[in-house]
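Nothing in this text is a laboratory measurement; each read-out follows from the coordinates by a stated rule. As the structure is a prediction and not an experimental result, all values here were calculated from the model. A quick note on method: Cβ atoms are made from the backbone with ideal geometry, for glycine too, and the neighbour counts reach across all protein chains shown.
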Ligand SMILES: [Zn+2]
């Protein structure tokens, strides 16, 4: 049976929110930023094919939006446009693909020149005194920050953006009154959401709840919550921030990454946030998700991110770590064998775990940048992929070789299927031509 988990709304929440009808209850959405914040992580990167696969998996999982890259960066151009093409083909739907840029008119202009098909954007500017003094070094005042942001938001709307998120970088070290002004101005300029960035992971669940409550109540604007794990609280802060927005009657958009990978100590882990909303004491069956999540894709998604980034999943990672359902001590093992609910909060099968994994221990034929037609035919034959004729097979093989040059690791079955199914898209993903 397909495992689709979607929270309902409990009676007591409805009773507590008598000023709103059930259908009006604010929802919690996920915006995954693996392909933006994740790839900004020091020492980590993804190929354009891997970024595309992640967009495909996120769409399938039920994520509302993927912040899929940088529209003003030259080497992203073919990848971004190819993914927007997949969206227009209905392949990457209903997920929204959004670009991240600085909140400047120059960046907005360049974005629509370089990626004219783009529909969704987040515009970012620093708001804290620390950044205004320490980064802008007296070149910008608060008034300048507001003016620059407003100009950029208006221009993005004029040039055809369907939705614009406005990011306050270092929001947690910014006075709340200024954040309210910033969000109000953003809204008046046509911004759709305010992104509260706890850029340095400075908040705790109590402070973020209080701050986002104030902003959401004062501005009546949907809030994005973007948290980092420098103090180990990214997931807890994201959940607390989302609760504050929803309690104030505003939709919340939690920013996440796969396996929590992100700059420094990382971002809020997507699966941990989903589990917190679905399974925790205070959230289960009380808050409503914007898109139903297919929880049974979780294990595969985490494994792919681990492979693509080349970063092992920690042993104790929630849900997907090797020890997440492992028991050895006498009392726990006995208890879980009598009834799993004695010592497990949720079932491993819900997360798509439990299937035996085939690991080749004998002869292995895998793809590489020098793969020949015989080995390639063997690999594709095992996957039951056939080609119309020999020239078609050679064409796909050529793309597979190029994909291997980028990936520097044998391709996965899903990647090979993707290449065989979308050869023209793949060609664009693999075309990297530096400007002369
Ligand atoms: Zn970040």
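Placing dummy labels 7 Å off each Cα toward the beta-carbon, the span from residue 142 to residue 413 is 5.8 nm. Listed by Cβ neighbour count within 10 Å, with the fewest neighbours leading, 227, 197 appear as 197, 227. For the peptides 80-89, 234-243, the ranking by packing is 234-243, 80-89, with the highest mean count of neighbouring Cβ atoms within 10 Å listed first. Subtracting the Cα-Cα distance of residue 217 and residue 204 from their residue separation scaled by 0.36 nm leaves 2.7 nm.
Using the Cβ-Cβ distance between residue 391 and residue 40 with R0 = 51 Å, the FRET efficiency computed as 1/(1 + (r/R0)^6) comes to roughly 0.80. Between residue 326 and residue 359, take the C-beta separation as r, use R0 = 25 Å, and let me know the FRET efficiency to the nearest 0.05. Using R0 = 25 Å, I get an efficiency of 0.85. Largest GNM mean-square fluctuation among 272, 47, 374, using the chain with Cα springs under 10 Å: 374. When only alpha carbons are used to place a centre, the range 166-232 and the range 61-131 end up 21 Å from one another. In the elastic network of the chain, a GNM with C-alpha springs shorter than 10 Å, the most mobile of 219, 361, 72 is 361. State whether the chain is rounded, prolate or oblate according to the following rule on the C-alpha gyration tensor (a ≥ b ≥ c being the square roots of its eigenvalues): a/c under 1.5 gives rounded; otherwise a/b larger than b/c gives prolate, and the remaining case gives oblate. Oblate. For the range 294-319 versus the range 403-422, the spacing of their alpha-carbon centroids is 19 Å. Mean projection of the Cα convex hull over all viewing directions, computed for the range 160-314: 9.8 nm².
For the range 230-350, the gyration tensor built on C-alpha atoms gives an oblate shape. Its axis ratio a/c (a ≥ b ≥ c) is at least 1.5, and a/b is not larger than b/c.
Highest average first, the peptides 341-348, 162-169 ordered by how many other beta carbon atoms sit within 10 Å of their residues are 162-169, 341-348.
Given the options 131, 233, 221, state which has the largest fluctuation in a GNM of the chain using a 10 Å cut-off (strictly under) for Cα springs. Looking only at 131, 233, 221, the largest GNM fluctuation is found for 131. Once a ≥ b ≥ c are taken as the square roots of the eigenvalues of the Cα gyration tensor of the range 136-209, is the result rounded (a/c under 1.5), prolate (a/b larger than b/c) or oblate (a/b not larger than b/c)? The shape class here is oblate.
A straight chain from residue 339 to residue 129 at 0.36 nm per residue would run longer than the Cα-Cα distance by 70.1 nm. The ranking of 28, 225 by Cβ neighbour count inside 10 Å, starting from the fewest, reads 28, 225. Take every DSSP beta bridge with both residues inside the chain and express the antiparallel ones as a percent of the total, to the nearest 5. If I count the DSSP bridges inside the chain, around 5 percent turn out antiparallel. For the chain, adding -39500 (n - 2.57) for each run of n ≥ 4 DSSP H residues and dividing by the number of residues yields -13000 deg cm²/dmol at 222 nm. The fewest-to-most ranking of 357, 106 by surrounding Cβ atoms within 10 Å reads 357, 106.
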